[in-house]
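A quick write-up on the structure given underneath.
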Amino acid sequence: MARERRGFPVFAAYALPLLRLRPQLTTKEVVMLNLRRGIGTHEPSVISLGQVWVDIMLDVDEIPEQGGFAVADHPKPTIGGSYRVLQAASRMGVPTEHAGILGNGLWAHFIRQSFQDNGITHIGQDRLDEDSGFRVVLTSGSPKKTFIASYGAEAHGDADTFSTLEPQAKDVVHISGNTLMDHTATGVDGFLLKAGTDPAKRDYTLVINPTNTLRLVNDHMLEDLVLARPVWSCNRQEAMTLAERLGAPIDDSKVTIGGGLDDFMHQLCDGLGATLRAPLVVRVGARGAWIREPGGETTHIEGYPTKAIHTRSAGGCHTGVMCAMLAEGHSLAESVKIANAAASIAIQHSVNGVPQCPDYDEAIALIGE
């Protein structure tokens, strides 16, 4: 029999082959487990459907041509994908849960240990027949990075992957673009259809950050995402890609170094927000973010300028903090303000080029300054 958390089988034998099963619990163990879960005294949580893998970052003088050779300095394995969203939410003091698939092997062990170290609970499926995947990230000093992906268990879900996930009141469910392009996407689509098209009828909040893979998502998947009317959290490039695919009017000809960004962002958010009929957050680095809620005006939430010393984006930190604050009951504007501060600190605290999200008190202290 499958153990359940929030109505979600931790190990669902019918969904994937070779899943690990645990012994049936005693009555006393069930009672203790329910107490730990907070059943009856539910604490709103951030739940991510996103994929998690290992990034192996390699610094090289230049990317070699085919048949060439390069020496990499200081290999830096880190956890990537939606892990950074969950880590950021956890550092805000909010319960965090990963509903995606983890494998069995070296990389999966690294991920599980990081989850344990950061207070992240894995509630999704586990596969014994393959490891979690990894990405090789080559950097040579230029802004653009080269990625080589090896997909693992995280990408091999199916239509039933999230079929029994039942978020509770005030939870925030996070979906990332990295889950929308492989077999696991069918499970995300099924969850979206169950979530319905009216946010007012859901007692939880749905958040999507499309990432830079949005242009590769098929039309059917994108249509179902739009119909679900989640909170959209994008950087400017992602927002422009989304606007182009949906036919929202944009004109970036007025954007210059000396000015014009404010006018353009209002135009982009007004046009895209009206098309989505959903809350929209567009991040612009040190300038903070622009937000628009359905029927409202576009508002600029000022950022906290900092010296950019990172090689990876702080977007995961921003999204995770925003999700955590929404789960705590903050408004969208308040959540984005705290997320702006946290992302700025994360960049300052980069480790091996990866921004490190601060805790809640540090973010609030920066706002107080």
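The values are calculated or read from the model by the stated rules, or taken from the named source; none is laboratory data. Predicted, not measured: the structure shown is a model, and the values here were computed from it. Using ideal geometry, Cβ is built from the backbone for each residue, glycine included, and neighbour counts are taken over all protein chains shown. These area figures cover heavy atoms from the full protein model, side chains too; ligands, DNA and RNA do not enter into them. Shrake-Rupley method; radii C 1.70, N 1.55, O 1.52, S 1.80 Å.
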Out of everything in the range 339-353 that is open to solvent by 10 Å² or more (accessible area, probe 1.4 Å) and hydrophobic (A, V, I, L, M, F, W, C), what residue ends up being farthest from Ser233 (Cα to Cα)? Val351
The conditions are (1) farther than 30 Å from Glu223 by Cα; (2) open to solvent by less than 20 Å² (accessible area, probe 1.4 Å); (3) of a type in the set (A, V, I, L, M, F, W, C), and Leu128 fails exactly one of them. Which is it? (2)
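Conditions tested, residue by residue: (1) modelled with pLDDT of 85 or more; (2) over 30 Å from Ala343 (Cα atoms); (3) touching a strand residue (DSSP E or B) at 6+ places or on another chain (Cβ under 8 Å).
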{"site": "Arg20", "(1), (2), (3)": "no, yes, yes"}
{"site": "Thr27", "(1), (2), (3)": "no, yes, no"}
{"site": "Ile47", "(1), (2), (3)": "yes, no, yes"}
{"site": "Gly50", "(1), (2), (3)": "yes, no, yes"}
{"site": "Gly81", "(1), (2), (3)": "yes, no, yes"}
Condition met for Asn118 (surrounded by fewer than 22 Cβ atoms within 10 Å (Cβ to Cβ) and in contact with a Ser or Thr (Cβ under 7 Å, 6 or more places away or on another chain)): yes
Scanning the range 131-149 residue by residue, the ones that are surrounded by fewer than 18 Cβ atoms within 10 Å (Cβ to Cβ), out of contact with any Phe, Trp or Tyr (no Cβ under 8 Å at 6 or more places or on another chain) and among the β-branched types (Val, Ile, Thr) total 2
Residues that are farther than 27 Å from Asp158 by Cα and in contact with a Phe, Trp or Tyr (Cβ under 9 Å, 6 or more places away or on another chain), drawn from the range 71-93: Pro77, Arg91, Met92, Gly93
Do we have any residue at all in the range 173-183 that's within 16 Å of the chain's Cα centre (by Cα) and more than 21 Å from His318 (Cα to Cα)? yes
Hey, Ile367 hits all of (1) modelled with pLDDT of 95 or more; (2) of a type in the set (A, V, I, L, M); (3) more than 19 Å from the chain's Cα centre (by Cα) but one; which does it fall short on? (1)
Specify the residue that is farthest from Ser313 (Cα to Cα); the eligible residues are those in the range 184-213 that are of a type in the set (Ser, Thr, Tyr) and in contact with a strand residue (DSSP E or B) (Cβ under 7 Å, 6 or more places away or on another chain). Tyr204
Condition check for Thr41: more than 22 Å from Ala363 (Cα to Cα), open to solvent by 40 Å² or more (accessible area, probe 1.4 Å), of a type in the set (Ser, Thr, Tyr) and under 16 Å from the mean Cα position of the chain (by Cα): no
If you go through the range 60-77 one residue at a time, how many are loosely packed, with under 13 Cβ neighbours inside 10 Å and hydrophobic (A, V, I, L, M, F, W, C)? 2
Take Glu334 and tell me if it is modelled with pLDDT of 95 or more and acidic (Asp, Glu). yes
Of the residues in the range 128-176, those that are in contact with a Pro (Cβ under 8 Å, 6 or more places away or on another chain) and of a type in the set (Lys, Arg) come to Lys170
